[in-house]
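What follows is calculated from the coordinates using simple rules that are stated; it is not laboratory data. Quantities reported herein were computed from a predicted structural model and do not represent experimental measurements. In this analysis, Cβ positions are derived from the backbone assuming ideal geometry, glycine residues included, and neighbour counts consider all displayed protein chains.
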Amino acid sequence: MRRQSFVGCGAHALTTVPLAYLVGETGRVVAVDRSRWRFFEEVATSAGVKHKIIPLKLDARELPFPFRAFDLAVLVHGVRSLKNEETMVKVISEMLRVSERVFIAESLPVANNERQRAHLELYNLREEIFEALFGEKDDLHYPTLEKLIELVERAGGRVIKSGTFEPELPHYLAYIPREYVERVEDDEKRAELLRRWGRAYENWKAGAEHPPVGWLIAKR
Ligand SMILES: C[S@@+](CC[C@H](N)C(=O)[O-])C[C@H]1O[C@@H](n2cnc3c(N)ncnc32)[C@H](O)[C@@H]1O
C-alpha cells in the first residue's frame, strides 16, 4: 500500500497519523477535509510524519483527481458528518472513482452494555442540537452496517469484506456542553432538549464507552 487518500481527516488527524505510518517511508497520504485544519500541522509534525501527508482543503463531493490515483481511499468516522444520504453516496462514489479499494469504518447504533448506551444517549442528541442551533444537522445518528453497505452499493460499489469490532475504549467525545443547548432560541425545543440532555448527562458521567464499529472494504 503506497498511495492513500483519506477523506474527512479532521482537526486532530486521529486516523491520518496511523495511515502515514502504514504507508511506509516512500508512501504518501492525501488528507482531504473541507474545514477543521486547526491542529493538523502541530499533530502531524510532532508525530514525525508531516512529510508523508499532503493536505487538501476541499469538499470531497468533487475530488480533483482525473483517474484512479490511489490504492486505498479511507473514510473513518466520517459518514456521520456528511449531512445527508445524497452527499454520502456522492462522496463514496468519488472515492470509488479515484481508488482501487475503499475502506469505510463508522460507529454503530448498537449498545452492548450500559456505558455504550450512555454514549449513544448523549451522542444522539447532537444531531437535533446542531439542527436547532444552526438550522443544519451534523453528527448524524450512526448508520447500521446494513445501511453502510446499501450506501456503497448505491454509489456503484461492491462490498468484498465487512465486519464489526469492539474497540473496548472509554469514549467521551459525545459530550456537548449544556451552555450550547441553552442557546437554542425556540423555548419549547430548548426545554425539551435540556430535559433530555440532563438525563443523558447523568448516565454519561457514570462512564461512557465506544460503541461497536462497523467496517467494510469495497471496489467499484
Ligand atoms: C467526525 S470528523 C472525523 C475526523 C477523523 N476522520 C477522525 O476519525 O478523527 C468528520 C470530518 O469530515 C469533514 N467533512 C464533512 N463533510 C465533508 C465534505 N463534504 N468534504 C470533506 N470533508 C468533510 C469534517 O470537516 C470533519 O473534519
Whole-Å semi-axes of the ellipsoid equivalent to the chain (Cα gyration tensor, √5λ, descending): 31, 19, 18
Neighbour counts of other C-beta atoms within 10 Å: give me 49, 29 arranged from fewest to most. 49, 29
Arrange the peptides 135-148, 70-83 so that the one whose residues have, on average, the most other Cβ atoms within 10 Å appears first. 70-83, 135-148
Residue order, fewest to most beta carbons within 10 Å, for 93, 46: 46, 93
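If you count, for each residue, the other Cβ atoms within 10 Å and average over each peptide, how do 121-129, 3-11 line up from highest to lowest?
3-11, 121-129
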Sequence order, region 99-114: Karplus ³J(HN,Hα) from phi using 6.51 cos²θ - 1.76 cosθ + 1.60, θ = phi - 60°, Hz rounded, Gly and Pro as x, gives 9, 4, 9, 10, 10, 10, 9, 7, 4, 9, x, 10, 10, 9, 7, 4
Principal-axis tilt of helix 85-98 within the chain, Cα atoms, nearest 10 degrees: 20 degrees
Against the longest principal axis of the chain, how steep is helix 187-205, in degrees 0 to 90 to the nearest 10, with axes from Cα atoms? 70 degrees
From phi via Karplus (6.51, -1.76, 1.60), per-residue ³J(HN,Hα) for region 7-17 in Hz, x at Gly/Pro: 8, x, 5, x, 5, 9, 6, 4, 9, 4, 5
For n ≥ 4 DSSP H runs only, could you compute -39500 (n - 2.57) per run for the chain, divide by its residues and tell me the 222 nm figure to the nearest 500? -11500 deg cm²/dmol
